[in-house]
Structures are given as structure tokens and as C-alpha cells.
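Inspection log for the structure reproduced underneath, given as C-alpha cells.
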Amino acid sequence: MKAALFFHLLGAVVWVGGMFFAWMCLRPVAAETLDPPLRLKLWAGVFARFFPWAWAAVAAILGSGLYMLYLVGERYAPIYVYVMTGTGVLMMLVYGHVYFGPYQKLGQAVASGDWPAGGASLAKIRVLVGTNLVLGVLTVATATLGALL
């Protein structure tokens, strides 16, 4: 159980922490200092490095979460575990949409130099990552405070 909890928390730290850094730190500086072509190239490169880690985090969170639920027994898990599971699965679906939708279009746009299309894709990613960041914070709050309720 302790190893599963470790991998669960490590996945959450990587994924939610990465989104927090991208949204709160990198995004504003990139928008203020880089012209669109450079900004889009930067984001395409950042995502290319972050997304494999995010996939690993999703796998770690999902696998360890299901394993811990199995150990506890579905019938005995408190309600906050199911709330956390629901928000986590929603986050995974949003992430999958980002990866297979706007991120792929961003890569194509950057490769072809279509900066307006790249900007539109990046704008969609920004909204979806912001949504996932809020869901991630709610999930962490549910995980940590749910047991207190």
C-alpha cells in the first residue's frame, strides 16, 4: 500500500505541478517576451518534453489508484475516494483530448510555419490545461481534506 501511495502522489506532483508551472510561470513570461513564432516553437518543445512525463504520471496514478481501491475494497472506500476518482478520470479525459487534438495540430502548425493555426491550437490548450489545473487542485483538496469530513 505504501509503494502504491508513493507512486500515486509522485504522479500527482509531476502532473499537477507541471501544469501549475506551465500555467502560472512559463505562460505569462512567454507571452510577454516572445513573438508568436518563437512562443509557439517554445511551447511545442516544452510539450514534447512534458507530455511523456504526463503519460507516465497518468499511468502511475491510475494504476496505483485502482490497486489501492482493490486493497481497501470497493465497498469500504469512503465517498471522497470516489469523488477523487471521478475528478481524476475527468482530468485524464481532458488530457487525452489535449494530446490527441490541439497538441497534434500545434505540432503540425509549427512544422509548417502556420502561426495563426498554431496560436489557435495553443489557445485551446491553454484553456484545457487551466481547466485541468483547477480539477487537479480540487482533486488534491478532496484527497487531503476528504478524510477530515
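The values are calculated or read from the model by the stated rules, or taken from the named source; none is laboratory data. Because the structure is a prediction, the values reported are computed rather than measured. Note: ideal-geometry Cβ built from the backbone for every residue, glycine included; neighbour counts use all protein chains shown.
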*Pick out the one residue from Gly96, Gly136 that is touching a residue at least 12 places away in the same chain (Cβ under 8 Å) and either in contact with a helix residue (DSSP H, G or I) (Cβ under 8 Å, 6 or more places away or on another chain) or not charged (D, E, K, R) (or both).*
Gly136
*Taking region 120-149, which residues are among the small types (Gly, Ala, Ser) and more than 12 Å from the chain's Cα centre (by Cα)?*
Ala120, Ser121, Ala123, Ala141, Ala143, Gly146, Ala147
*Cross-chain or 6+ apart pairs with Cβ under 7 Å, region 41-57 first and in a helix (DSSP H, G or I), then β-branched (Val, Ile, Thr) and modelled with pLDDT of 95 or more*: Lys41/Val110; Ala44/Val110; Trp53/Val14; Ala57/Val14
_Name the residue that is surrounded by the most Cβ atoms within 10 Å (Cβ to Cβ), counting only residues in region 109-126 that are under 10 Å from Ala44 (Cβ atoms) and either of a type in the set (Asp, Glu) or without any contact (Cβ under 8 Å) to a residue 60 or more places away in the chain (or both)._
Ser121
_Those residues of region 68-93 which are in contact (Cβ under 8 Å) with a residue 60 or more places away in the chain, crowded, with 16+ Cβ neighbours inside 10 Å and of a type outside the set (A, V, I, L, M, F, W, C), in sequence order_ = Tyr80
*Got a number for residues in region 64-84 being in contact with a Gly (Cβ under 9 Å, 6 or more places away or on another chain) and farther than 24 Å from Val127 by Cβ?*
6
